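First the structure, then my questions, so here it is.
Read the figures in this text as sums done on the coordinates, not as results from a lab. Computed from a prediction, not measured in an experiment: that's the story for all the values here. Cβ sites come from the backbone with ideal geometry, for glycine too, and all protein chains shown count toward neighbours.
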Amino acid sequence: MATLADSPIAFETLAHPAPTPANERAARIAEPGFGTVFTDHMVSIDWDEVHGWHNAKVGPLEAIPLHPASSVLHYAQEIFEGLKAYRLDDGTMALFRPEENARRFNASAQRLAMPELPEDLFVEAVRRAVAADKDWFPPVDGGSLYIRPFMFATEHFLGVRPAKNYKFLVICSPAGNYFKSGAPAVSVWVSDYTRAAPGGTGAAKCGGNYAASLVPTKEAFALHHDQTVFLDAAEHKWIEELGGMNLFFVFDDGTMITPPLSGTILPGITRDSLITLAREEGLAVREERYSIDQWQADAASGHLVETFACGTAAVVTPVGTVAGREHNFTIGTGGPGQLTGRLKQRLVDIQRGKAADPHGWVMKLD
Ligand code: PLP
Ligand code: COI
């Protein structure tokens with residue numbers, strides 16, 4: 001693995017002229033919630049056809065001047081990633097499976113006709129961003145530094161074709177709980193809208209997918225639900241995923257189902273990790289289609305005992321109730337299930353260095 005000393009390209013470090021004073025920083029990270037507090041620094045790297053990746057910098061977090069014709073503003077050529085840095089009990093900082101984010105970032109880049117970033121450069125940029133803001137870890141239970149690497153098209157051109165200039169940035173946001181409510185289980189709304197269709201961009205982590213999910217999300221929030229469940233585009237029958245999380249269904253016979261990576265859902269790194277951990281616990285995990293009607297029937301019969309959502313931001317979150325135009329049901333007692341709690345603990349213990357890491361998922365940074 002690359003270290004700060006053998007970086008694939010040279011990074012310039014720009015001193016911050018006015019870093020946030022320690023007392024103000026402490027106040028901002030005391031109750032960070034999700035996505036509202038930002039650290040002092042960012043990493044940026046540019047790409048063009050002549051130089052490839054160049055102009056790598058670690059510097060102050062600042063506004064980016066954009067020409068009004070920048071193609072990202074018109075045709076949404078943008079992709080992103082989400083991963084977290086943790087402070088382990090011994091004080092060291094660690095990332096969880098960052099190479100997987102690097103790989104998925106390039107899969108997204110391919111789908112959006114953007115240049116790929118060498119995986120070691122992606123990881124290096126993330127490491128440098130965290131190192132620059134190592135004092136911003138929130139001291140709250142479950143706190144982490146949420147890292148948002150992203151890339152967008154900066155060429156000034158209004159014709160519709162892949163741009164010739166891009167910017168890659170990494171910003172960091174101290175994070176606590178993703179869900180504000182703090183409820184033990186979330187309530188989800190089954191949307192009539194579709195998030196992604198076969199042949200579309202559902203498996204890519206591009207901003208456009210999230211733009212398309214905002215009307216359904218607004219609808220879910222208006223009805224006092226926490227997240228939207230999306231069904232498949234063709235039959236509107238098969239469960240795909242939530243707006244920002246994958247789903248798992250747990251049955252009374254010790255089996256689990258999670259929707260398959262059909263090309264229309266995001267291949268979650270948390271999803272992949274939990275499949276591995278569940279199988280190690282002796283659970284039979286099937287990646288197969290599961291319909292909304294079956295979900296309701298199995299919840300009613302008691303065959304389905306738990307459902308949980310998972311993702312970097314949400315970690316592992318129990319789903320308690322499900323509602324839609326044609327559905328309305330409670331899962332188990334509507335609260336967190338035992339297996340959900342156990343799998344979450346297994347994952348979090350590995351992420352935080354409290355349990356053995358047999359798969360080498362944790363990358364220590366110090
Ligand atoms: N599905 C969607 C649509 C997401 O935005 C996310 C979050 O990144 C996930 C699933 C979970 O992916 P991961 O576990 O890699 O964070
Ligand atoms: C994540 O879990 O990292 C996500 O990107 C989900 C959401 C915040 C977009």
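Have a look at the DSSP beta bridges in the stretch 186-351 and tell me what percent are antiparallel, nearest 5.
Here the antiparallel bridges make up roughly 60 percent for the stretch 186-351.
Quick check on the chain: of the DSSP beta bridges with both residues there, what percent are antiparallel, nearest 5%?
If we restrict to bridges inside the chain, about 80 percent are antiparallel.
Which entries in LYS57/LYS344; LYS84/LYS180; LYS180/LYS237 show an alpha-carbon gap greater than 26 Å?
LYS57/LYS344; LYS180/LYS237
Let me have the 222 nm mean residue ellipticity of the chain computed from DSSP H runs of 4+ only, each contributing -39500 (n - 2.57), with the sum over all residues rounded to the nearest 500.
Only helices count here, giving -7500 deg cm²/dmol.
Sticking with this structure for a sec: Based on C-alpha coordinates, I'd like the Rg and Dmax of the stretch 140-236, in Å.
For the stretch 140-236, the Cα-based Rg and Dmax read 17.2, 49 Å.
Rg and Dmax of the stretch 196-294 over Cα atoms: what are they, in angstrom?
Radius of gyration, then largest Cα-Cα span, for the stretch 196-294: 14.1, 40 Å.
A further question on this structure: Can you tell me the equivalent ellipsoid semi-axes for the stretch 285-357? Use √(5λ) from the Cα gyration tensor, largest first, whole Å.
27, 12, 12
So, with +1 on the Cβ of K and R and -1 on the Cβ of D and E, and no other charges, what is the size of the charge dipole of the stretch 11-177 about its Cα centre, to the nearest 20 debye?
280
Where does each of ARG279, ARG28 land when they are ranked from fewest to most other beta-carbon atoms within 10 angstrom?
ARG279, ARG28
Determine ³J(HN,Hα), in whole Hz, for all residues of the stretch 75-92 in sequence, where each value follows from phi through the Karplus function 6.51 cos²θ - 1.76 cosθ + 1.60 and θ = phi - 60°; x replaces Gly and Pro.
Listing the rounded values in order: 10, 6, 7, 8, 9, 8, 9, x, 8, 10, 9, 10, 9, 7, 4, 7, x, 6 Hz.
Show me the GluC sites (Glu not before Pro) within the stretch 146-237 that DSSP assigns to loop and that have at most 10 other Cβ atoms within 10 Å of their Cβ.
When the GluC sites (Glu not before Pro) of the stretch 146-237 are filtered for loop state and at most 10 Cβ neighbours within 10 Å, GLU235 remain.
Where does the chain land on the Kirkwood hydrodynamic radius, alpha-carbon pairs, in angstrom?
Kirkwood hydrodynamic radius for the chain: 21.5 Å.
Across all directions of projection, what mean area in square nanometres is found for the Cα convex hull of the stretch 64-209?
Spelled out: convex hull of the Cα atoms, projected over all directions, averaged, 11.3 nm².
Just in the stretch 177-260: which trypsin sites (Lys or Arg not before Pro) are loop by DSSP and have at most 10 other Cβ atoms within 10 Å?
For trypsin sites (Lys or Arg not before Pro) across the stretch 177-260 that sit outside H, G, I, E and B with at most 10 neighbouring Cβ atoms in 10 Å, the list reads LYS180.
About its Cα centre, what dipole magnitude does the stretch 186-351 give when the only charges are +1 on Lys and Arg Cβ and -1 on Asp and Glu Cβ, stated in debye to the nearest 20?
Approximately 380 debye in magnitude.
Have a look at the DSSP beta bridges in the stretch 9-151 and tell me what percent are antiparallel, nearest 5.
85
Where the convex hull is taken over the Cα atoms of the stretch 186-351, what is its projected area averaged over directions, in nm²?
So the mean shadow area of the Cα hull is 8.8 nm².
What is the dipole size for the chain, taken about its Cα centre, with +1 at each Lys and Arg Cβ and -1 at each Asp and Glu Cβ, in debye to the nearest 20?
320
Running Debye on the stretch 85-141 with equal point scatterers at the Cα sites and no solvent, what base-10 log of I(q)/I(0) appears at q = 0.16, 0.17, 0.20, 0.26 Å⁻¹?
-0.58, -0.63, -0.78, -1.02
Counting other Cβ atoms within 10 Å of each Cβ, which GluC sites (Glu not before Pro) in the stretch 255-354 have at most 16 and sit in a DSSP loop?
Qualifying residues, ordered by number: GLU281, GLU288, GLU326.
Right, next: Under a GNM of the chain (C-alpha, springs under 10 Å), which listed residue has the highest mean-square fluctuation: GLY200, GLY208, GLY82?
Comparing GLY200, GLY208, GLY82 in the GNM, the peak value goes to GLY200.
List VAL126, VAL348 from most exposed to least, where exposure is judged by having the fewest other Cβ atoms within 10 Å.
VAL348, VAL126
R0 = 41 Å: FRET efficiency of ASP253 with ALA18, Cβ-based, nearest 0.05?
That pair, ASP253 with ALA18, gives E of 0.10.
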